[in-house]
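Visitor: Input: one structure, supplied below.
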Amino acid sequence: MDKRTFIKSAALSAAGTSFGMDALAALFDSRKSTDSITLAQDEAFWSSIRSQYLLKPDYINLENGYYNFIPESLLEKFIGHVRHVNYHGSWYMRNNAVDNKKRVVEKLSQLAGCSPKELAITRNTTESMDIVITGKHWQAGDETIMAEQDYGSMIEAMRHVANRYGVVNRMVSVPNHPQSDEEIVSLYENAITPKTKLILVSHIINITGQILPIRKICDMAHRKGVEVLVDGAHAIAHFQYKISDLNCDYYGSSLHKWLSTPLGAGLLYVNQKRMPELWPLIVGWEKDPNKILRISHTGTHPAHTDLTIADSIDYYNMIGAERKEARLRFLQQYWTCRVRNTPRIILNTPADPARSCGIANVGIEGIKPGDLAKRLLEEHSIFTVAIDGANVFGCRITPNVYTTVEELDKFVKALKKLAA
């Protein structure tokens, strides 16, 4: 290691020095009387949370949506679980893994707001959704409904069953700035025919951050005898809700996004009455059609990741669902309000705070999304991701709780400079 690399590594280590979970709990407890809206704007408080993260000094990271990496205190928990499982080896996998996973599922079900009998841990949202999409009893002529703004892998999965079974996929397009919930519900309702079997819908559209009225869509669909599969990849631990309140049939989400678990953790919810209707993606030992383990078998898997899910839930609960949601919404509103009426700057996310939370999308007239992302990184050291399609042309911006208003001020300044 050369001198320059050594110095940089030492600086990164110092920057990531963190205090433990007990000290963090005491920090939050000291502000328990502060309302969430006020606390969301307290930069001194959130700078203490920022100290929990080992952050690269090379750029401002505004792309936390793909993988919301974990704070140092959780990383140490994860490393401890890796060492524990590795130390016990096969003994752990044969004697402890199953029971421990059941306990984690129980804890996760409390966070998600559903019965543990209806919840399974998967590796990611894509796996969860594919279990449902490829596991249904499709027949030629069955119809589905999805939006062009849905996640690309899910659209491809729907095309797969169309090619394999003769299913007809009907595509709608969700407006970036809807006038009401009813406008969105009607969009899906008008696409339903007597042959419609399933609606795929995003809880929060990943490319714009728009939150859709899922309960209203599900209620409408069920009145017409149509099932609903919800893509909640960006929803868990982002904003508050309970799966049981959504009235959906199936729900998939990733935990390595806003819950900040290690990579490779997701969840699948299947309403109890729908379980016997699905074929398993990977066949396992469970044969009871009423048990979710029959359709969620994965074989040997990284048990240490499962264990860390419980720690991530503890961390999230320590922050508090209301406080985290308020912080994320504050950060998004902070920068979007400063550019919303700027000439040439286009916001692809609704202005109504109730229709979004931490995610937003911004574009500039005359600049392709890929070029915008490149210039933000190369000229202003700001990392984002370009979105170019499905009526969304801009960069997706996903801050995290550690993001500062100072960083967002730099982002706003960069946008205005590029727009000018």
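Visitor: When you check Ile133 against the structure, is it touching a residue at least 60 places away in the same chain (Cβ under 8 Å) and assigned by TED's automatic domain parsing to the domain that holds Asn190, yes or no?
Guide: When the stated conditions are applied, Ile133 passes them.
Visitor: Separate question: Can you tell me which of Gly358, Gly370, Gly363 is buried (at least 18 other Cβ atoms within 10 Å of the Cβ) and out of contact with any helix residue (DSSP H, G or I) (no Cβ under 6 Å at 6 or more places or on another chain)?
Guide: Result of the check over Gly358, Gly370, Gly363: Gly363.
Visitor: Output the residue which, of all residues in region 327-349 that are assigned to a loop (DSSP other than H, G, I, E, B) and more than 16 Å from Ile387 (Cβ to Cβ), is farthest from the chain's Cα centre (by Cα).
Guide: Filtering first and then ranking leaves Pro343.
Visitor: Still on this structure, I have one more. Within the set of pairs 6 or more residues apart or between chains, which connect a residue that is without any contact (Cβ under 8 Å) to a residue 12 or more places away in the chain inside region 92-114 to a residue that is surrounded by 14 or more Cβ atoms within 10 Å (Cβ to Cβ) and outside any helix (DSSP H, G or I) with Cβ atoms less than 6 Å apart?
Guide: Ser109/Leu119
Visitor: Of the numbered conditions (1) among the hydrophobic types (A, V, I, L, M, F, W, C); (2) at pLDDT below 95; (3) in contact with a Ser or Thr (Cβ under 8 Å, 6 or more places away or on another chain), Leu255 satisfies every one except a single condition; which is it?
Guide: Condition not satisfied by Leu255: (2).
Visitor: Can you go through Tyr151, Tyr67, Tyr165, Tyr92 and tell me which one is in contact with a His (Cβ under 7 Å, 6 or more places away or on another chain) and not aliphatic (A, V, I, L, M)?
Guide: Tyr67
Visitor: Evaluate the following for Lys287: is it assigned by TED's automatic domain parsing to the domain that holds Lys101, more than 26 Å from Leu62 (Cβ to Cβ), over 17 Å from the mean Cα position of the chain (by Cα) and assigned to a loop (DSSP other than H, G, I, E, B)?
Guide: Here the answer is yes, as Lys287 does meet what is asked.
Visitor: While we're here: Which one is farthest from Leu268 (Cα to Cα) among residues in region 295-344 that are of a type in the set (Gly, Ala, Ser) and either crowded, with 23+ Cβ neighbours inside 10 Å or touching a Phe, Trp or Tyr at 6+ places or on another chain (Cβ under 6 Å) (or both)?
Guide: Ser312
Visitor: What strands (runs of 3 or more DSSP E), lying completely within region 163-234, carry at least 1 residues that are crowded, with 24+ Cβ neighbours inside 10 Å and not assigned by TED's automatic domain parsing to the domain that holds Gly358?
Guide: 196-202, 227-231
Visitor: Then there is this: Which one of these does Pro399 not meet: (1) touching a His at 6+ places or on another chain (Cβ under 7 Å); (2) under 24 Å from Ile49 (Cα atoms)?
Guide: Status for Pro399: all satisfied but (1).
Visitor: So which helices (runs of 4 or more DSSP H) stay within region 18-134 end to end and still have 2 or more residues that are at pLDDT below 95 and more than 23 Å from the chain's Cα centre (by Cα)?
Guide: Helices (runs of 4 or more DSSP H) meeting the threshold: 21-29, 43-50.
Visitor: State yes or no: is Leu268 touching a strand residue (DSSP E or B) at 6+ places or on another chain (Cβ under 9 Å), within 30 Å of Gln240 (Cβ to Cβ) and not in a loop (DSSP other than H, G, I, E, B)?
Guide: Yes.
The values are calculated or read from the model by the stated rules, or taken from the named source; none is laboratory data. Bear in mind the structure is a predicted one, so any value in this text is a computation, not a measurement. All Cβ positions, glycine included, derive from the backbone under ideal geometry; neighbour counts span all protein chains shown.
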